[in-house]
Structure formats: C-alpha cells, structure tokens
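Undergrad: Would you mind keeping the following structure in view while I ask a few things?
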Amino acid sequence: TAEDSGVIHDENIWQAVKGETPVISGGVKLELAWEPFRDGIMKAKVPAGFATDQLFVNGERQILARYPNFDPKVRIYNGYAKDAISTERAAKWADPKGGFIHALHAAKWGDMHWVITGKDAQGNVTYEGGWQNNRPSAMHREYRFVENIFEELDAPGEWFLDAKTNTLFFYPPAGLDLAKATVEGVRLRHLVEFRGDQERSVRYIFMRGFTFRHAARTFMENREPLLRSDWTIYRGGAVFFNGTEDCVIEKCFVDQVGGNAVFMSNYNKRSQVLTCHIAKAGANGIAFVGGLDAVRVPLFWKDQREFADIDKAAGPKTENYPGDCLVEDCLIYQTGQFEKQTAPIEIDMAMSVNVRHCSIYDVPRAGINIGDGCWGGHIIELCDVFDTVQETGDHGAFNSWGRDRFWRLGGVDLNTITLGKDRDFPRADAFRPTALRFNRWRCDHGWDIDLDDGSTHYEIRGNLCLNGGLKLREGFYRIVENNVIVNNSLHPHVWYGNSQDIFQNNIVFAPYRPVKMKEPWGKAIDFNLLHESGATTTAPAAKLQQRSGRDAHSLVADALFTDPEHGDFTVKDGSPALTLGFQNFPMDQFGVVNPELKKLARTPEIPILQRPEEVPK
C-alpha cells in the first residue's frame with residue numbers, strides 16, 4: 001500500500017538473494033497417500049473442504065478431466081468435439097454439475113465459457129455463462145469441449161477432485177513415480193497486489209528475481225466489457241497494480257498462472273515490467289486497462305450518439321488510467337491457455353505505453369492488442385511477434401480497434417470531416433499517434449498487422465511483415481512508410497473518403513487487396529516497390545496503379561534483398577527501392593536482448609519468397 005512506498009533514489013526493493021530463486025505461490029503442497037482406483041487411475045484423500053481448479057505435479061500443470069482428450073497436435077483447444085454436450089454424451093455423466101463448457105465464438109472472435117448446472121428432465125445439459133465476449137454469440141457448433149467431469153477421466157495426465165468425498169483422482173503418465181512426486185493445488189487468484197489510488201499511490205517499490213506460480217483461473221469472472229472492443233476482462237492478475245507510480249517488477253518468472261499474469265488497472269504512472277519471462281498464463285500476459293471514468297464519451301455496442309450533442313474535447317477526462325508505462329525485454333509465450341480472447345500485451349483506455357524488445361509467440365489470438373483509441377501515444381518497437389491467431393480467426397499478430405466517439409456517429413459526414421473545421425475530431429480519443437516501428441511480425445492465420453474498425457492516428461514505419469500482410473480498415477490519419485511486406489501486400493478495407501492515409505516507400509510482394517474501396521484512396525499512395533524476384537528490368541507498377549488509382553511513381557522490379565533466406569530483407573546498393581525513398585532498417589534487433597531470455601526464445605520461420613502470382617489470395 002502507500003505506506004510501503006519508497007522514494008526516488010531510495011526505493012523499497014524486494015529481491016532474490018543472489019543465486020536463489022524464491023517462489024511466491026498461491027498454492028498448497030499436498031501430502032497424499034495414493035492407492036489404486038481402476039484402469040491406471042490412482043486416488044488419494046485430501047483435507048475436508050480442499051478445493052483447487054488446477055493440479056501441478058513436479059511443477060507442471062496437469063489436465064483437468066475433459067472430453068475430448070487433450071491432443072497437443074490439434075491446433076484449436078488441443079481437441080474439440082461437436083458432440084461435447086450432446087444428450088448422448090451427457091447420458092454417460094452421473095452428475096456433471098460443476099463441469100465447464102468452453103467454446104469458440106460462432107465467428108471465431110475469441111471464446112466463451114459456461115459452468116454446467118446439471119441436466120434437465122430430457123437429459124440435456126443445463127448451464128450458465130457465456131458473458132466473456134463483448135460481442136456475444138452462440139457457441140461454435142464444432143469448436144467446443146467440456147472439462148471437470150469425472151466420467152471423462154480416462155487419459156494419462158488427467159485428474160478430477162470429488163469435493164463430496166474429498167477424494168483426488170489422478171491418472172499418472174507413464175514413468176511418473178507418484179510416491180516421490182510433488183503435488184500442489186491452487187488457492188489464490190492474486191499473489192502480489194499493489195493497492196493504491198491517485199490520491200495515495202504506491203510508489204517506488206521494486207520486485208526482482210521472483211517466480212510467481214499457482215494462481216487460480218478466472219475465466220468465469222471475466223465479464224467487464226471494454227467499451228466497443230470485442231473484449232471483456234477480469235480486472236485482476238497474479239501481480240496486480242492499482243494506483244501506482246514508478247513501481248517495477250524485473251527479472252521475474254510468471255509461470256503457468258491460471259488468469260492474467262500482470263494487470264495494471266486504473267491509475268498507474270511510469271510503472272514498468274522489465275526483463276520478465278511469462279509462460280503459459282491462463283489469460284493475458286500483461287494488461288493495461290484504465291477506468292471508464294477517464295473516457296469522455298464511453299460508448300458501448302448499443303449506444304448511439306449525434307455529432308451535435310457529443311463532447312468534442314480531446315484526450316482523457318481524468319487521470320485514472322495507465323500512462324507512460326513500459327514493458328521491455330520480456331519473453332511472453334503460450335498465454336491464453338484457458339481464455340482465447342486474450343493477448344500477451346493488452347492495452348485499453350491507456351496512454352503512452354511503450355512495449356520494446358519483446359519476444360511474443362504461440363498464442364490463440366493477437367500477440368499485441370490495442371482495444372480502442374483512448375488515448376494513443378503508444379510505441380511498439382523492436383518486438384518479435386509470430387505464431388499468433390492460432391485458435392481464433394479474423395485477427396492479426398498486431399490487432400487494434402478504434403471504435404471511438406466518431407465511429408458510426410450520426411449527423412456528420414465522415415467522408416468529408418477532415419476537410420473542414422472539425423478535421424481533428426476523429427483524433428479526439430486517439431489524440432496522440434501510436435507508433436509501430438522496427439518490429440518483425442508473422443501471422444499464418446490472419447494479418448501480420450491488422451488495424452481494424454476505426455483504428456486511427458497510427459505511424460507504421462520500418463516493420464518486417466513475414467506472411468499475413470498489412471490491413472487498414474476504415475479510420476483516419478495513418479502513415480505507413482518504409483515497411484517490407486513479404487509474400488503479401490496492403491489490404492485496404494472500406495476507407496472513408498479523405499481519410500488522410502499515407503502509404504509510401506514500402507516494398508510489397510503482390511498487388512493490393514482492396515475491399516469496397518472508393519477512389520481516390522487516402523492522401524498519398526506512391527513511391528512503393530512491387531518486388532518481382534529475378535526481374536532484370538524496372539517498370540511502372542501498373543498492377544498497383546490499377547488498384548489504387550495512385551502510385552504514379554511506384555515501380556515493379558527486383559528489390560535486391562541482401563539475404564532473405566536468413567531473414568535479412570535489407571536491400572543492396574543499387575536497389576530500385578532506394579531510388580523510391582526506401583531506407584534500410586536493422587534486421588537483427590528484434591525481440592529480447594537479455595542473454596538468458598535469448599537462449600530460451602524462439603524466432604519465426606523465415607518464408608520462402610514467392611512471385612506475385614504465387615501469393616495466396
């Protein structure tokens with residue numbers, strides 16, 4: 001709390017003794033007397049009243065009894081079944097109450113969760129929940145599974161706790177000696193809380209060298225809508241910041257927690273997450289989410305407003321939001337273990353969050369998500385983000401929304417607004433530019449960079465996009481310059497007239513992929529190079545010109561990349577891209593820089609270069 005605060009140059013520092021690794025655990029070690037049950041399953045008595053939603057054996061989280069069985073080779077949910085809650089399947093369950101249903105959104109926009117309340121007279125499963133998506137739908141017809149049902153305990157690694165008889169059942173994997181194994185359950189949702197507010201903030205507390213482990217799952221508490229983004233959230237985490245200034249966690253390992261790993265809620269200024277390792281979190285990696293009272297015009301999906309009646313002042317209304325915070329040199333992977341509408345880095349209702357030198361991969365949805373334009377100023381730089389959107393759809397390695405107060409606003413022509421006295425109104429929420437610079441992105445199930453509905457006031461420079469291309473949906477004031485878009489192109493979708501967008505000095509591998517575009521496109525689209533491997537001549541980029549109605553100076557030619565097979569997409573001296581204004585940027589600085597994290601971190605697969613006619617549409 002505020003009473004524990006340090007001061008500048010005399011911080012209150014909690015840190016590991018050199019050479020030791022203290023673990024802050026929200027769990028409990030179990031002393032168990034195992035005995036055989038049946039079919040390879042063991043059982044043991046636990047203390048009366050004991051409850052846990054996860055079981056760890058020798059430090060690894062085990063599989064709660066489920067149908068269908070866990071299969072690491074299956075991309076979505078590691079196994080799904082259309083008949084997961086069919087009456088035929090449910091007929092095998094004596095008492096499924098307390099089980100869970102997990103299913104993707106019908107359009108694959110994230111997922112939802114339900115707790116089973118029983119069965120009705122006809123044998124149908126009854127349940128409640130489904131509030132975990134801000135754009136709710138029926139559960140997906142195919143992508144679904146159930147867990148925490150005793151009769152589904154039938155595979156190595158699965159477990160089930162019978163609270164009525166205080167009996168723990170576990171099917172040990174082959175080779176595991178249960179007599180010598182360390183078995184742990186989970187009790188707490190939060191492990192460390194920084195609890196203050198703007199008037200009495202927690203200041204100058206540093207935590208270094210800790211492992212955080214054994215935090216409970218929170219998917220059924222995830223129900224707070226975040227404006228008109230697709231998200232709801234649970235406002236909490238294993239490490240929870242609320243009302244801080246200049247607090248830091250550094251060189252910490254957040255290991256297999258059940259919900260959010262780190263959550264900065266409401267007022268937090270200049271607080272930092274540095275050189276941390278976050279693995280297999282149940283929900284988000286690091287989330288920055290401000291308070292609704294800081295938004296001048298908080299709009300949700302059913303809200304309608306008229307231009308004449310709306311507050312037009314720019315920026316936040318109060319200071320109750322994360323601002324000037326930093327995430328640097330962090331390795332974050334396999335987040336979203338239980339919640340799929342999540343991200344390793346999530347930013348909503350925040351300003352000037354800097355994410356730098358992070359390696360992010362193996363996640364179900366976006367690697368980095370910005371949920372609104374409130375209030376911009378973010379800098380995403382030197383990050384390595386790949387193997388994203390692995391279990392969902394219609395998304396990108398980077399994703400943003402900008403469904404701000406201008407979006408779908410009545411009484412104003414958004415096709416001409418930038419030409420008159422209200423030209424700055426689209427930037428009333430996104431009043432500072434958000435920069436994406438010198439990052440490497442790869443998404444094989446969506447776009448590398450996806451600026452979706454209304455995303456506004458972005459500067460995208462010096463990015464290497466390895467597969468999915470770059471999408472700009474309707475929005476304003478985006479500058480996209482000096483990027484290399486490998487095996488893909490620009491995807492412009494339904495731009496407003498006079499959007500003031502700029503796309504120039506980029507290298508693309510295929511003609512643009514427009515959706516419902518009207519000429520002219522944006523403010524300037526020109527001086528781009530359409531790469532054609534092996535081309536011996538330089539010519540006007542007719543295919544780009546035909547699509548955009550612009551690109552008067554753009555060319556088609558071989559870009560003369562330096563070493564693309566090994567990921568170096570700088571261009572050689574004499575490249576026609578240089579004559580168009582393209583400037584080389586470093587190709588060896590993406591991702592984490594700490595030597596220990598670099599040893600652990602993966603890097604993306606470098607694609608085989610394709611000719612324009614070979615690029616998938």
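Undergrad: When only residues in the stretch 154-168 that are of a type in the set (D, E, K, R) and outside any strand (DSSP E or B) count, which is nearest to TYR234 (Cα to Cα)?
TA: Among them, the one singled out is LYS164.
Undergrad: Let me ask something additional. So which residues in the stretch 362-375 are crowded, with 24+ Cβ neighbours inside 10 Å and either over 15 Å from CYS465 (Cα atoms) or hydroxyl-bearing (Ser, Thr, Tyr) (or both)?
TA: VAL363, PRO364, ARG365, ASN369, ILE370, GLY371, ASP372, GLY373, CYS374, TRP375
Undergrad: Still on this model: Could you tell me whether the stretch 307-326 includes any residue that is among the aromatic types (Phe, Trp, Tyr) and either without any contact (Cβ under 8 Å) to a residue 12 or more places away in the chain or not in a loop (DSSP other than H, G, I, E, B) (or both)?
TA: Taking every residue of the stretch 307-326 in turn, at least one turns out to be among the aromatic types (Phe, Trp, Tyr) and either without any contact (Cβ under 8 Å) to a residue 12 or more places away in the chain or not in a loop (DSSP other than H, G, I, E, B) (or both).
Undergrad: Another question, then. Hey, could you check the stretch 134-161 for residues that are among the polar types (S, T, N, Q) and buried (at least 18 other Cβ atoms within 10 Å of the Cβ) and say which is farthest from LYS92 (Cα to Cα)?
TA: ASN134
Undergrad: Taking the criterion of being surrounded by 17 or more Cβ atoms within 10 Å (Cβ to Cβ), out of contact with any helix residue (DSSP H, G or I) (no Cβ under 6 Å at 6 or more places or on another chain) and farther than 18 Å from ASN482 by Cβ, would at least one residue in the stretch 581-592 satisfy it?
TA: yes
Undergrad: Wholly within the stretch 246-288, which strands (runs of 3 or more DSSP E) include no fewer than the required count, namely at least 1 residues that are open to solvent by 10 Å² or more (accessible area, probe 1.4 Å) and farther than 28 Å from HIS113 by Cβ?
TA: 248-250, 262-269, 272-274
Undergrad: Do we have any residue at all in the stretch 320-327 that's open to solvent by 40 Å² or more (accessible area, probe 1.4 Å), out of contact with any Asp or Glu (no Cβ under 9 Å at 6 or more places or on another chain) and of a type outside the set (Phe, Trp, Tyr)?
TA: yes
Undergrad: If you don't mind, another one. If you check PHE37, PHE56, which single one turns out to be part of a strand (DSSP E or B), touching a strand residue (DSSP E or B) at 6+ places or on another chain (Cβ under 9 Å), in contact (Cβ under 8 Å) with a residue 24 or more places away in the chain and crowded, with 20+ Cβ neighbours inside 10 Å?
TA: Only one candidate passes the filter, namely PHE56.
Undergrad: Looking at this structure, is ASP422 without any contact (Cβ under 8 Å) to a residue 60 or more places away in the chain, farther than 26 Å from ASN584 by Cβ, of a type outside the set (Phe, Trp, Tyr) and surrounded by fewer than 22 Cβ atoms within 10 Å (Cβ to Cβ)?
TA: So ASP422 fails the test.
Undergrad: Within the stretch 90-100, identify whether any single residue is in a strand (DSSP E or B) and surrounded by 19 or more Cβ atoms within 10 Å (Cβ to Cβ), and answer yes or no.
TA: Taking every residue of the stretch 90-100 in turn, at least one turns out to be in a strand (DSSP E or B) and surrounded by 19 or more Cβ atoms within 10 Å (Cβ to Cβ).
Undergrad: So, one more: If you go through the stretch 550-562 one residue at a time, how many are open to solvent by 50 Å² or more (accessible area, probe 1.4 Å), within 35 Å of the chain's Cα centre (by Cα) and over 17 Å from ALA535 (Cα atoms)?
TA: Result for the stretch 550-562: 1.
Undergrad: Ok, one more. Scan the stretch 524-546 for residues that are within 32 Å of the chain's Cα centre (by Cα) and buried (at least 18 other Cβ atoms within 10 Å of the Cβ) and report the count.
TA: Number satisfying all stated conditions: 5.
Undergrad: Return the residue satisfying two criteria in turn: it lies in the stretch 334-346 and is hydrophobic (A, V, I, L, M, F, W, C) and touching a residue at least 60 places away in the same chain (Cβ under 8 Å), and of such residues it is least open to solvent (accessible area, probe 1.4 Å).
TA: Ranking the qualifying residues of the stretch 334-346, first place goes to ILE345.
Undergrad: Going through the stretch 376-406 one residue at a time, which ones are among the aliphatic types (A, V, I, L, M) and surrounded by 24 or more Cβ atoms within 10 Å (Cβ to Cβ)?
TA: Across the stretch 376-406, the qualifying residues are ILE380, VAL385, VAL389, ALA397.
Undergrad: Pairs under 6 Å by beta carbon, first residue within 12 Å of MET207 (Cα to Cα) and open to solvent by 80 Å² or more (accessible area, probe 1.4 Å) in the stretch 4-28, partner at pLDDT 95 or above and not in a strand (DSSP E or B), six or more apart or different chains?
TA: Listed pairs, sorted by first residue: GLN15/GLY209.
Undergrad: Moving to a separate point now. Among the residues of the stretch 105-153, what is the count of those that are free of Cβ contacts under 8 Å to residues at least 12 places away in the same chain and assigned to a strand (DSSP E or B)?
TA: Result for the stretch 105-153: 1.
Undergrad: Could you list, ordered by first residue, the pairs with Cβ atoms under 6 Å in which the first is in the stretch 555-566 and polar (S, T, N, Q) and the second is assigned to a strand (DSSP E or B), at least 6 apart or interchain?
TA: Filtered contacts from the stretch 555-566: THR562/ASP568; THR562/THR570.
Undergrad: Filtering the stretch 206-225 down to residues that are in contact with a Ser or Thr (Cβ under 7 Å, 6 or more places away or on another chain) and crowded, with 21+ Cβ neighbours inside 10 Å, which residue is nearest to ILE278 (Cα to Cα)?
TA: Looking at the filtered set, the residue picked out is ARG213.
Undergrad: For the stretch 414-434, check the following and say yes or no: at least one residue is assigned to a strand (DSSP E or B), more than 24 Å from VAL289 (Cα to Cα) and not aliphatic (A, V, I, L, M).
TA: no
Undergrad: Have a look at ASP551, ASP526, ASP501, ASP573 and point out the one that is more than 18 Å from LEU466 (Cα to Cα) and touching a Phe, Trp or Tyr at 6+ places or on another chain (Cβ under 7 Å).
TA: Every option except ASP501 fails the conditions.
The values are calculated or read from the model by the stated rules, or taken from the named source; none is laboratory data. As the structure is a prediction and not an experimental result, all values here were calculated from the model. For neighbour counting, all protein chains shown are included, and Cβ atoms are generated from backbone atoms with ideal geometry for every residue, glycine included. With ligands, DNA and RNA removed, areas are computed over all heavy atoms of the protein, side chains included. Shrake-Rupley method; radii C 1.70, N 1.55, O 1.52, S 1.80 Å.
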